[in-house]
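Everything below concerns the one structure shown next.
The values are calculated or read from the model by the stated rules, or taken from the named source; none is laboratory data. Note that the structure is predicted; figures quoted are calculated from it, not measured. Virtual Cβ from ideal backbone geometry, glycine too; neighbours counted across all protein chains shown.
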Amino acid sequence: MKMRMSRLPHLAIFFFAASVHLLLFSICPVSSRIYRTNDAVVIEVDDVRPSTFANRNFANPAPIPMMYAVNPYTILLSQPYSNFPFWPYPLYQQPASSSVPDVEDVAATSSESKQQKINCGVGPPSPPQRSLPVAAIVGGSEAIPNSWPFIAGLRIAGRSSVFCGGSIISPTRILTAAHCVEKMSAFNISTMTVNLGMHNQTGNDADHTRRVSRVVYHIAYNANTNQNDVAVLTIDPPIVYSAAVSPVCLPRASSAVDQFAGKDAAIMGWGRENENDTIPPDVLKQATVQIIPNADCKTQYAVGGVEMEITNQQLCASADGRDTCQGDSGGPIVVQAGSTTAWTQVGITSFGNGCAKPNFAGVYASVAFFRNWINTYMNS
Ligand code: 4AZ
(Lines give C-alpha, C1' and ligand atoms only; values in the text may rest on other atoms or scores of the structure.)
Protein backbone atom coordinates (compact mmCIF):
# COMPACT_ATOMS: atom_id res chain seq x y z
CA MET A 1 0.00 0.00 0.00
CA LYS A 2 2.77 2.34 0.98
CA MET A 3 4.75 1.49 -2.10
CA ARG A 4 1.78 2.16 -4.41
CA MET A 5 1.24 5.53 -2.74
CA SER A 6 4.84 6.53 -3.29
CA ARG A 7 4.67 5.62 -6.97
CA LEU A 8 1.78 7.93 -7.64
CA PRO A 9 3.77 11.16 -7.95
CA HIS A 10 6.19 9.39 -10.30
CA LEU A 11 3.35 8.23 -12.46
CA ALA A 12 1.83 11.70 -12.46
CA ILE A 13 5.15 13.21 -13.52
CA PHE A 14 5.58 10.58 -16.20
CA PHE A 15 2.15 11.22 -17.71
CA PHE A 16 2.62 14.96 -17.43
CA ALA A 17 5.97 14.73 -19.25
CA ALA A 18 4.50 12.40 -21.86
CA SER A 19 1.62 14.82 -22.50
CA VAL A 20 3.95 17.80 -22.80
CA HIS A 21 6.03 15.83 -25.29
CA LEU A 22 3.02 14.90 -27.36
CA LEU A 23 1.77 18.47 -27.31
CA LEU A 24 5.16 19.86 -28.28
CA PHE A 25 5.53 17.43 -31.15
CA SER A 26 2.05 18.12 -32.45
CA ILE A 27 2.48 21.89 -32.51
CA CYS A 28 6.16 21.77 -33.35
CA PRO A 29 6.92 24.85 -35.50
CA VAL A 30 8.25 24.23 -38.99
CA SER A 31 11.81 25.34 -39.44
CA SER A 32 11.95 27.43 -42.60
CA ARG A 33 13.69 30.25 -44.45
CA ILE A 34 12.00 32.77 -46.70
CA TYR A 35 14.15 35.03 -48.85
CA ARG A 36 14.26 36.84 -52.16
CA THR A 37 16.70 36.53 -54.99
CA ASN A 38 16.81 39.05 -57.85
CA ASP A 39 13.98 37.21 -59.62
CA ALA A 40 12.23 34.92 -57.14
CA VAL A 41 10.73 34.42 -53.73
CA VAL A 42 12.17 31.28 -52.13
CA ILE A 43 10.64 29.36 -49.23
CA GLU A 44 12.69 26.48 -47.88
CA VAL A 45 11.19 24.05 -45.42
CA ASP A 46 13.45 21.86 -43.30
CA ASP A 47 13.08 18.32 -42.13
CA VAL A 48 10.73 17.08 -44.77
CA ARG A 49 12.87 13.96 -45.07
CA PRO A 50 11.85 11.04 -42.91
CA SER A 51 13.80 10.65 -39.74
CA THR A 52 11.98 11.08 -36.46
CA PHE A 53 8.49 11.33 -35.16
CA ALA A 54 8.85 15.10 -34.88
CA ASN A 55 9.25 15.31 -38.64
CA ARG A 56 5.77 13.88 -39.06
CA ASN A 57 6.62 12.49 -42.42
CA PHE A 58 3.46 10.74 -43.44
CA ALA A 59 4.43 10.38 -47.06
CA ASN A 60 7.75 8.61 -47.02
CA PRO A 61 9.24 5.67 -45.18
CA ALA A 62 10.74 6.49 -41.81
CA PRO A 63 13.79 4.46 -40.82
CA ILE A 64 12.62 3.56 -37.34
CA PRO A 65 9.31 2.06 -36.30
CA MET A 66 7.01 4.41 -34.45
CA MET A 67 3.54 4.41 -33.12
CA TYR A 68 0.64 6.00 -34.90
CA ALA A 69 -0.07 9.02 -32.76
CA VAL A 70 -1.99 12.25 -33.22
CA ASN A 71 -2.28 13.11 -36.89
CA PRO A 72 -3.71 16.57 -37.45
CA TYR A 73 -3.35 16.22 -41.21
CA THR A 74 -6.40 14.15 -41.86
CA ILE A 75 -6.03 14.00 -45.61
CA LEU A 76 -2.53 12.64 -45.24
CA LEU A 77 -4.03 9.52 -43.75
CA SER A 78 -4.56 8.56 -47.35
CA GLN A 79 -0.85 8.84 -48.17
CA PRO A 80 1.54 5.89 -48.12
CA TYR A 81 2.75 5.67 -44.57
CA SER A 82 5.28 2.98 -44.00
CA ASN A 83 4.88 2.69 -40.28
CA PHE A 84 1.23 1.93 -40.41
CA PRO A 85 1.30 -1.87 -40.25
CA PHE A 86 -1.53 -2.45 -42.72
CA TRP A 87 -0.56 0.21 -45.25
CA PRO A 88 -1.81 -1.17 -48.58
CA TYR A 89 0.35 0.87 -50.98
CA PRO A 90 3.76 -0.07 -52.35
CA LEU A 91 6.48 1.99 -50.74
CA TYR A 92 9.17 4.04 -52.34
CA GLN A 93 12.56 2.38 -52.59
CA GLN A 94 15.54 4.59 -53.21
CA PRO A 95 17.97 2.75 -55.51
CA ALA A 96 21.69 2.84 -54.92
CA SER A 97 22.97 5.85 -56.83
CA SER A 98 25.47 3.69 -58.68
CA SER A 99 22.56 1.88 -60.36
CA VAL A 100 21.53 5.07 -62.18
CA PRO A 101 23.21 5.06 -65.58
CA ASP A 102 24.75 8.25 -66.87
CA VAL A 103 23.37 8.66 -70.36
CA GLU A 104 24.05 11.75 -72.42
CA ASP A 105 22.13 11.17 -75.62
CA VAL A 106 18.57 11.49 -74.41
CA ALA A 107 16.39 14.51 -75.04
CA ALA A 108 15.67 15.23 -71.42
CA THR A 109 14.82 18.39 -69.56
CA SER A 110 17.81 18.68 -67.27
CA SER A 111 21.20 17.15 -66.63
CA GLU A 112 19.60 15.49 -63.61
CA SER A 113 16.96 13.90 -65.85
CA LYS A 114 19.62 12.73 -68.29
CA GLN A 115 21.08 10.54 -65.60
CA GLN A 116 18.01 8.39 -65.83
CA LYS A 117 17.64 6.60 -69.12
CA ILE A 118 14.23 7.85 -70.11
CA ASN A 119 13.13 10.41 -72.70
CA CYS A 120 11.09 13.47 -71.87
CA GLY A 121 7.61 13.97 -73.23
CA VAL A 122 6.35 10.38 -73.16
CA GLY A 123 2.58 10.39 -73.66
CA PRO A 124 -0.24 9.28 -75.93
CA PRO A 125 0.69 8.96 -79.62
CA SER A 126 -1.61 11.81 -80.68
CA PRO A 127 -3.73 14.56 -79.10
CA PRO A 128 -6.81 13.29 -77.27
CA GLN A 129 -9.51 12.56 -79.84
CA ARG A 130 -12.12 15.22 -80.20
CA SER A 131 -14.90 12.68 -80.61
CA LEU A 132 -14.50 11.23 -77.12
CA PRO A 133 -17.49 11.55 -74.81
CA VAL A 134 -17.96 14.93 -73.19
CA ALA A 135 -16.99 14.56 -69.59
CA ALA A 136 -14.29 16.99 -68.43
CA ILE A 137 -11.50 18.88 -67.60
CA VAL A 138 -14.35 20.95 -69.12
CA GLY A 139 -15.57 19.05 -72.17
CA GLY A 140 -12.85 16.43 -72.21
CA SER A 141 -12.51 12.72 -71.57
CA GLU A 142 -11.00 10.41 -69.00
CA ALA A 143 -7.30 9.92 -69.66
CA ILE A 144 -5.99 6.38 -70.05
CA PRO A 145 -4.46 5.71 -66.61
CA ASN A 146 -0.81 6.83 -66.48
CA SER A 147 -0.78 7.86 -70.14
CA TRP A 148 0.49 11.35 -69.17
CA PRO A 149 3.44 10.33 -66.96
CA PHE A 150 4.57 13.93 -66.33
CA ILE A 151 1.37 15.15 -64.65
CA ALA A 152 1.56 15.92 -60.93
CA GLY A 153 -1.28 16.50 -58.47
CA LEU A 154 -0.66 18.92 -55.60
CA ARG A 155 -2.42 18.41 -52.29
CA ILE A 156 -2.48 20.21 -49.01
CA ALA A 157 -3.64 19.16 -45.54
CA GLY A 158 -7.31 19.76 -44.95
CA ARG A 159 -8.45 19.39 -48.55
CA SER A 160 -9.57 16.09 -49.91
CA SER A 161 -8.86 16.75 -53.58
CA VAL A 162 -5.96 17.98 -55.65
CA PHE A 163 -5.87 21.78 -55.46
CA CYS A 164 -3.50 22.37 -58.39
CA GLY A 165 -1.65 20.51 -61.10
CA GLY A 166 2.04 20.52 -61.94
CA SER A 167 4.49 18.76 -64.23
CA ILE A 168 7.67 16.79 -63.70
CA ILE A 169 10.66 18.61 -65.19
CA SER A 170 13.42 16.69 -63.37
CA PRO A 171 13.68 13.97 -60.69
CA THR A 172 13.52 16.69 -58.04
CA ARG A 173 11.57 19.53 -59.65
CA ILE A 174 7.90 20.20 -60.38
CA LEU A 175 6.80 23.11 -62.56
CA THR A 176 3.57 24.78 -61.45
CA ALA A 177 1.85 28.18 -61.26
CA ALA A 178 2.88 30.89 -58.79
CA HIS A 179 -0.75 31.45 -57.80
CA CYS A 180 -0.93 27.83 -56.56
CA VAL A 181 1.69 28.47 -53.88
CA GLU A 182 2.00 32.21 -53.43
CA LYS A 183 -0.26 32.53 -50.41
CA MET A 184 1.11 29.52 -48.57
CA SER A 185 2.81 29.73 -45.21
CA ALA A 186 5.84 27.59 -44.47
CA PHE A 187 3.53 25.46 -42.35
CA ASN A 188 1.13 24.99 -45.29
CA ILE A 189 4.08 23.97 -47.45
CA SER A 190 5.19 21.46 -44.84
CA THR A 191 1.83 19.72 -45.17
CA MET A 192 1.89 19.79 -48.98
CA THR A 193 2.31 16.61 -50.99
CA VAL A 194 2.92 15.97 -54.67
CA ASN A 195 1.24 12.89 -56.15
CA LEU A 196 2.94 11.29 -59.15
CA GLY A 197 1.75 8.45 -61.36
CA MET A 198 -1.79 9.06 -60.15
CA HIS A 199 -5.04 8.51 -62.02
CA ASN A 200 -7.77 8.34 -59.41
CA GLN A 201 -7.40 11.26 -57.03
CA THR A 202 -10.27 10.16 -54.78
CA GLY A 203 -8.78 6.74 -54.12
CA ASN A 204 -5.27 8.19 -54.47
CA ASP A 205 -3.59 5.54 -56.57
CA ALA A 206 -0.39 7.61 -56.87
CA ASP A 207 2.79 5.61 -57.48
CA HIS A 208 4.82 8.13 -55.53
CA THR A 209 4.01 10.80 -53.01
CA ARG A 210 6.58 13.44 -52.23
CA ARG A 211 7.01 16.23 -49.73
CA VAL A 212 8.01 19.71 -50.90
CA SER A 213 11.25 21.02 -49.42
CA ARG A 214 11.42 24.28 -51.41
CA VAL A 215 8.95 26.54 -53.18
CA VAL A 216 10.25 29.16 -55.62
CA TYR A 217 7.89 31.55 -57.36
CA HIS A 218 8.51 34.46 -59.69
CA ILE A 219 9.28 37.65 -57.81
CA ALA A 220 7.09 39.67 -60.16
CA TYR A 221 4.03 37.42 -59.83
CA ASN A 222 1.00 39.68 -59.56
CA ALA A 223 -2.29 38.24 -58.36
CA ASN A 224 -4.28 41.11 -59.90
CA THR A 225 -2.83 40.94 -63.39
CA ASN A 226 -1.91 37.20 -63.36
CA GLN A 227 1.48 38.10 -64.83
CA ASN A 228 4.58 35.95 -64.10
CA ASP A 229 2.47 32.99 -62.94
CA VAL A 230 5.34 30.50 -62.68
CA ALA A 231 6.81 28.47 -59.80
CA VAL A 232 9.22 25.56 -59.32
CA LEU A 233 8.89 23.11 -56.42
CA THR A 234 11.67 20.91 -55.10
CA ILE A 235 10.48 17.48 -54.04
CA ASP A 236 12.24 15.17 -51.68
CA PRO A 237 13.49 12.47 -52.10
CA PRO A 238 14.16 12.39 -55.90
CA ILE A 239 11.87 10.35 -58.14
CA VAL A 240 13.04 7.31 -60.01
CA TYR A 241 11.44 7.50 -63.44
CA SER A 242 9.23 4.66 -64.63
CA ALA A 243 6.61 3.97 -67.29
CA ALA A 244 4.09 5.90 -65.19
CA VAL A 245 6.35 8.71 -63.95
CA SER A 246 8.66 10.67 -66.30
CA PRO A 247 9.47 14.26 -67.28
CA VAL A 248 7.85 16.50 -69.88
CA CYS A 249 10.00 18.23 -72.53
CA LEU A 250 10.45 21.98 -72.30
CA PRO A 251 10.71 24.38 -75.26
CA ARG A 252 13.80 26.51 -75.81
CA ALA A 253 13.83 29.96 -74.26
CA SER A 254 12.02 32.40 -76.53
CA SER A 255 10.01 35.56 -76.14
CA ALA A 256 8.56 35.22 -79.64
CA VAL A 257 4.77 35.28 -79.53
CA ASP A 258 2.68 32.88 -81.57
CA GLN A 259 5.39 30.28 -82.17
CA PHE A 260 2.79 27.61 -81.28
CA ALA A 261 -0.34 29.43 -82.53
CA GLY A 262 -2.66 27.22 -84.56
CA LYS A 263 -1.34 24.02 -83.00
CA ASP A 264 -3.48 21.40 -81.30
CA ALA A 265 -2.55 21.12 -77.65
CA ALA A 266 -3.51 18.70 -74.88
CA ILE A 267 -4.68 19.94 -71.48
CA MET A 268 -5.12 17.69 -68.48
CA GLY A 269 -5.93 17.79 -64.80
CA TRP A 270 -8.21 16.86 -61.93
CA GLY A 271 -9.96 20.24 -62.02
CA ARG A 272 -13.64 21.00 -62.30
CA GLU A 273 -15.67 19.59 -65.17
CA ASN A 274 -17.86 22.63 -65.26
CA GLU A 275 -17.41 26.20 -64.10
CA ASN A 276 -20.25 25.83 -61.59
CA ASP A 277 -19.36 22.39 -60.26
CA THR A 278 -18.34 22.08 -56.65
CA ILE A 279 -17.01 18.52 -56.72
CA PRO A 280 -14.07 17.74 -59.00
CA PRO A 281 -13.81 14.48 -60.96
CA ASP A 282 -12.32 11.32 -59.43
CA VAL A 283 -10.01 10.66 -62.34
CA LEU A 284 -7.54 12.51 -64.57
CA LYS A 285 -9.27 14.27 -67.46
CA GLN A 286 -7.84 15.45 -70.76
CA ALA A 287 -8.95 17.49 -73.75
CA THR A 288 -7.60 18.91 -76.98
CA VAL A 289 -7.69 22.66 -77.52
CA GLN A 290 -6.10 24.94 -80.09
CA ILE A 291 -3.52 27.62 -79.38
CA ILE A 292 -4.84 30.93 -80.70
CA PRO A 293 -2.92 34.01 -81.88
CA ASN A 294 -1.96 36.20 -78.94
CA ALA A 295 -3.61 39.25 -80.54
CA ASP A 296 -6.98 37.42 -80.63
CA CYS A 297 -6.67 36.63 -76.94
CA LYS A 298 -5.77 40.26 -76.17
CA THR A 299 -8.97 41.32 -77.92
CA GLN A 300 -11.08 38.76 -76.04
CA TYR A 301 -9.86 39.89 -72.66
CA ALA A 302 -9.99 43.63 -73.46
CA VAL A 303 -13.81 43.71 -73.41
CA GLY A 304 -15.62 45.83 -70.85
CA GLY A 305 -16.23 44.13 -67.55
CA VAL A 306 -13.26 41.78 -68.02
CA GLU A 307 -10.42 44.11 -69.00
CA MET A 308 -7.50 41.85 -68.33
CA GLU A 309 -4.30 42.58 -70.17
CA ILE A 310 -2.85 39.61 -72.04
CA THR A 311 0.87 40.03 -72.69
CA ASN A 312 3.62 38.29 -74.65
CA GLN A 313 4.51 36.15 -71.62
CA GLN A 314 1.17 34.35 -71.99
CA LEU A 315 -0.47 32.11 -74.53
CA CYS A 316 -4.12 31.27 -74.93
CA ALA A 317 -5.93 28.17 -76.10
CA SER A 318 -9.55 27.27 -76.68
CA ALA A 319 -11.99 24.91 -78.36
CA ASP A 320 -15.76 24.69 -78.38
CA GLY A 321 -16.84 23.64 -74.89
CA ARG A 322 -13.36 22.55 -73.83
CA ASP A 323 -11.11 24.29 -71.37
CA THR A 324 -9.09 24.05 -68.19
CA CYS A 325 -10.97 25.06 -65.06
CA GLN A 326 -10.50 25.59 -61.35
CA GLY A 327 -8.15 22.95 -59.97
CA ASP A 328 -6.31 22.48 -63.26
CA SER A 329 -4.10 25.48 -62.53
CA GLY A 330 -0.38 24.85 -62.49
CA GLY A 331 -0.80 21.87 -64.80
CA PRO A 332 0.68 21.62 -68.28
CA ILE A 333 -0.61 22.40 -71.76
CA VAL A 334 1.48 20.32 -74.17
CA VAL A 335 2.04 20.06 -77.91
CA GLN A 336 3.85 17.64 -80.17
CA ALA A 337 6.41 20.06 -81.57
CA GLY A 338 8.39 19.49 -84.76
CA SER A 339 8.53 15.99 -86.15
CA THR A 340 8.59 14.07 -82.88
CA THR A 341 5.70 12.58 -80.95
CA ALA A 342 7.26 13.77 -77.68
CA TRP A 343 5.13 16.17 -75.69
CA THR A 344 6.54 19.62 -75.02
CA GLN A 345 5.02 21.81 -72.35
CA VAL A 346 4.28 25.18 -73.91
CA GLY A 347 2.24 26.64 -71.06
CA ILE A 348 1.28 26.49 -67.39
CA THR A 349 -2.46 26.65 -66.68
CA SER A 350 -2.98 30.11 -65.22
CA PHE A 351 -6.45 31.66 -65.44
CA GLY A 352 -9.47 32.47 -67.54
CA ASN A 353 -12.75 34.29 -67.55
CA GLY A 354 -14.75 31.34 -66.28
CA CYS A 355 -14.31 28.01 -68.03
CA ALA A 356 -15.13 27.15 -71.64
CA LYS A 357 -17.14 30.34 -72.08
CA PRO A 358 -17.59 31.17 -75.75
CA ASN A 359 -15.19 33.99 -76.74
CA PHE A 360 -12.85 33.45 -73.81
CA ALA A 361 -9.80 31.24 -74.22
CA GLY A 362 -7.94 29.69 -71.29
CA VAL A 363 -4.78 31.63 -70.45
CA TYR A 364 -1.41 29.97 -69.82
CA ALA A 365 1.99 31.27 -68.71
CA SER A 366 4.39 30.72 -71.62
CA VAL A 367 7.08 28.20 -70.74
CA ALA A 368 9.37 29.39 -73.58
CA PHE A 369 9.11 32.94 -72.21
CA PHE A 370 10.08 31.82 -68.70
CA ARG A 371 12.51 29.09 -69.74
CA ASN A 372 15.61 30.89 -68.43
CA TRP A 373 13.93 31.57 -65.09
CA ILE A 374 12.79 27.92 -64.94
CA ASN A 375 16.34 26.73 -65.75
CA THR A 376 17.76 28.75 -62.86
CA TYR A 377 15.55 27.04 -60.30
CA MET A 378 15.52 23.68 -62.04
CA ASN A 379 19.30 23.42 -61.88
CA SER A 380 20.03 24.97 -58.50
C1 4AZ B 1 -8.67 28.41 -62.03
O2 4AZ B 1 -9.46 29.00 -61.33
C3 4AZ B 1 -8.82 28.47 -63.50
N4 4AZ B 1 -10.52 28.45 -68.15
C5 4AZ B 1 -7.89 27.87 -64.31
C6 4AZ B 1 -8.04 27.94 -65.68
C7 4AZ B 1 -9.09 28.60 -66.22
C8 4AZ B 1 -10.02 29.20 -65.42
C9 4AZ B 1 -9.89 29.14 -64.05
C10 4AZ B 1 -9.21 28.66 -67.70
O11 4AZ B 1 -7.76 27.75 -61.54
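Only residues that are farther than 13 Å from residue 120 by Cβ, in contact (Cβ under 8 Å) with a residue 60 or more places away in the chain and hydroxyl-bearing (Ser, Thr, Tyr) were counted in region 315-341, giving 2. Residue 311 - would you say it is away from the ligand (no atom under 13 Å from the Cβ), part of a strand (DSSP E or B), surrounded by fewer than 23 Cβ atoms within 10 Å (Cβ to Cβ) and in contact (Cβ under 8 Å) with a residue 12 or more places away in the chain? So residue 311 fails the test.
The strands (runs of 3 or more DSSP E) located wholly in region 164-254 that include 3 or more residues which are among the hydrophobic types (A, V, I, L, M, F, W, C) occupy 164-170, 208-218, 231-236.
If you go through region 166-188 and keep only what is more than 21 Å from residue 222 (Cβ to Cβ) and buried (at least 20 other Cβ atoms within 10 Å of the Cβ), you end up with 167, 168, 169, 170, 171, 172, 173, 174. When residues in region 249-278 are screened for being within 16 Å of the ligand (Cβ to nearest atom) and not hydroxyl-bearing (Ser, Thr, Tyr), 13 of them pass. Listed conditions (1) in a strand (DSSP E or B); (2) within 23 Å of residue 181 (Cβ to Cβ) are all met by residue 266, apart from (2). Taken over region 241-266, the criterion of being more than 23 Å from residue 203 (Cβ to Cβ), aliphatic (A, V, I, L, M) and surrounded by 17 or more Cβ atoms within 10 Å (Cβ to Cβ) is satisfied by 248, 250, 257, 261, 265, 266. One residue alone among 278, 202 is under 26 Å from residue 152 (Cα atoms) and free of Cβ contacts under 8 Å to residues at least 12 places away in the same chain, and that residue is 278.
Taking residues in region 161-173 that are more than 18 Å from residue 367 (Cα to Cα), and partners anywhere that are more than 13 Å from the ligand (Cβ to nearest atom) and part of a strand (DSSP E or B), the pairs with Cβ atoms closer than 8 Å and at least 6 places apart or on different chains are 161/155; 162/153; 162/155; 162/195; 163/155; 172/234; 172/235; 172/236. Scanning region 314-330 for residues that are in a loop (DSSP other than H, G, I, E, B) and near the ligand (Cβ under 9 Å from one of its atoms), we see that the one that is nearest to the chain's Cα centre (by Cα) is 330. On the given criteria, is residue 347 at pLDDT 95 or above, at positive phi and either of a type outside the set (S, T, N, Q) or under 23 Å from the mean Cα position of the chain (by Cα) (or both)? No: the conditions fail for residue 347. So which residues in region 328-380 are of a type in the set (A, V, I, L, M, F, W, C) and within 19 Å of residue 114 (Cα to Cα), if there are any at all? Within region 328-380, 342, 343, 374, 378 qualify.
Pairs meeting the criteria (first residue in region 342-365 and away from the ligand (no atom under 11 Å from the Cβ) and among the aromatic types (Phe, Trp, Tyr), second residue assigned to a strand (DSSP E or B) and modelled with pLDDT of 95 or more, beta carbons under 8 Å, at least 6 apart or on different chains) are 343/249; 343/266; 343/334; 343/335; 343/336.
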